[in-house]
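This report refers to the structure that appears directly beneath it.
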Amino acid sequence: MASARRSRDARLVSRCRVEFDRPSGPIEAETEDLSARGLFIRTEALLPVGEDTPIRLTLPDGTELTLHGRVAHMLTPSAARALGRHPGMGFEITGGDAAARLKLRAHVDSLKTEITNPGLSTTMQLIVVEPSTPLRTRMQRCLEGAGFKVTPCSSPTDALEAASQWRPDAIVCAATMDSMSGIELSYAMAEHTTLSDVPLVLTGDEGDLGRLEAFRAGVRDYIPKPFLDEELVIRVHRVLAPVAPIANPGLRGNLVDIGLGTLLSLFEFERKSGILLLLRDGELARLFVSEGRILKVESSALTGAPRERLMRLLDWHVGQFEFSPCAIGGKDELQTSVTQLLLEHARVRDESDADKTSKVRR
């Protein structure tokens, strides 16, 4: 019963503008995730647990919903740091007109993507190494909720001891620890007979140089803190996913080396179909491509209509990308070709540059 309830109420990443009331006046913020029954708002303007307030929510397509919510829990800045999350409040939706509730549910349904692959089940075993007990517990719960068997450890030494008794499918480890760093663990695994090919995923906030050092040490992926539960699950799945057949390979890389516009032009020219995943400093976006056309744009960081979100994504010059070929269907939300979208983006950018130049001259 508990797992069924967790499935029904699963919250999905969705960054929406939101406004709620405090005695001092209205507060503008944004959601981190939401479900048909509740939402988490990133903010340091906290209300007491149990307090009711009107919530004015703007969905990514610009639809405005007026709801009523009760503060179910909060994350103070200190508690958020311990959990590797952003501070804020979780609201339970307690009211609002029926039409608004239905539109919220429709938005949540449109976000639902499968983050537990059929081939990954409780036979997949992970070791999670994290010195912070609250964050370690959170990571264990979200990964177990996605179908993994998880052995939590507070130190790399404990992890190596556990791995000597049974070979894990992957290890997720904090980059910075007192006894041994995540990079040192990577080198220790490389010298181990049965662990040399086990994927290692690090979590941390070491910046670009720290991530580069980790990748040079053989780390398979690096997740910047703070991160969302869904991002952790997606990236662990990505590390463990079976290699695609040679006839239908995926594509991954860095936007510094291959720009998003170049990628999309390639997909249009070759009439590719699949999902393009973009990651930048904890921000997550997905582009659904069918026969070279972009049908849908999802983003954990950007709001507005689909075309507006894509225009902002085209300004990303750093970040990771991964394209997974697959059949894509559904409504075409952009209603135009990639070529036209790229021309529109170039025009908007040129106009913006011209405005800046004009202001400087004045």
Q | Filter result for the condition that a residue is surrounded by fewer than 14 Cβ atoms within 10 Å (Cβ to Cβ), over 21 Å from the mean Cα position of the chain (by Cα), modelled with pLDDT of 90 or more and not assigned by TED's automatic domain parsing to the domain that holds V13, over T157, T76, T133 | A | T133
Q.
Considering only residues that are more than 18 Å from S265 (Cα to Cα) and surrounded by 16 or more Cβ atoms within 10 Å (Cβ to Cβ), which ones fall in the range 310-327?
A. G319
Q) So which residues in the range 241-257 are out of contact with any Asp or Glu (no Cβ under 6 Å at 6 or more places or on another chain) and modelled with pLDDT of 70 or more, if there are any at all? A) A241, L251, G253, N254, L255, V256, D257
Q: Would you check which residues across the range 39-96 are under 24 Å from A305 (Cα atoms) and assigned to a loop (DSSP other than H, G, I, E, B) and list them?
A: T43, L59, P60, D61, G62, T63
Q: Could you tell me whether A174 is over 16 Å from the mean Cα position of the chain (by Cα) and closer than 19 Å to H86 by Cβ?
A: yes
Q. What residue, of T157, T137, T151, is over 16 Å from F227 (Cα atoms) and outside any strand (DSSP E or B)?
A. T157
Q) Among the candidates G282, G274, which residue alone is buried (at least 17 other Cβ atoms within 10 Å of the Cβ) and out of contact with any Leu (no Cβ under 7 Å at 6 or more places or on another chain)? A) G274
Q | D205 vs. criteria out of contact with any Leu (no Cβ under 9 Å at 6 or more places or on another chain) and without any contact (Cβ under 8 Å) to a residue 40 or more places away in the chain | A | yes
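Listed here are the residues, each with its yes/no results for (1) in contact with a strand residue (DSSP E or B) (Cβ under 6 Å, 6 or more places away or on another chain); (2) assigned to a strand (DSSP E or B); (3) over 17 Å from V239 (Cα atoms); (4) small (G, A, S).
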residue: A163; (1), (2), (3), (4): no, no, yes, yes
residue: S179; (1), (2), (3), (4): no, no, yes, yes
residue: E184; (1), (2), (3), (4): no, no, yes, no
residue: Y187; (1), (2), (3), (4): no, no, yes, no
residue: H192; (1), (2), (3), (4): no, no, yes, no
residue: D197; (1), (2), (3), (4): no, no, no, no
residue: T203; (1), (2), (3), (4): yes, yes, no, no
Q: Answer yes or no: is there a residue in the range 175-191 that is in contact (Cβ under 8 Å) with a residue 40 or more places away in the chain, within 21 Å of G319 (Cα to Cα), touching a helix residue (DSSP H, G or I) at 6+ places or on another chain (Cβ under 6 Å) and crowded, with 17+ Cβ neighbours inside 10 Å.
A: yes
Q | Pairs with Cβ under 7 Å, 6+ apart, first in the range 73-101 and within 15 Å of F227 (Cα to Cα), second in a strand (DSSP E or B) and of a type in the set (V, I, T) | A | G88/I41
(Q) Test of understanding: among L185, L232, L195, L260, which residue is out of contact with any Gly (no Cβ under 7 Å at 6 or more places or on another chain), in the same structural domain as D315 (by TED's automatic domain parsing) and either modelled with pLDDT of 85 or more or β-branched (V, I, T) (or both)? (A) L260
Q) So which of G69, G88 is among the small types (G, A, S), farther than 28 Å from L143 by Cα, at pLDDT 90 or above and not assigned by TED's automatic domain parsing to the domain that holds G304? A) G69
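The values are calculated or read from the model by the stated rules, or taken from the named source; none is laboratory data. The model shown is predicted, which means the values in this text are computed figures rather than measured ones. Note: ideal-geometry Cβ built from the backbone for every residue, glycine included; neighbour counts use all protein chains shown.
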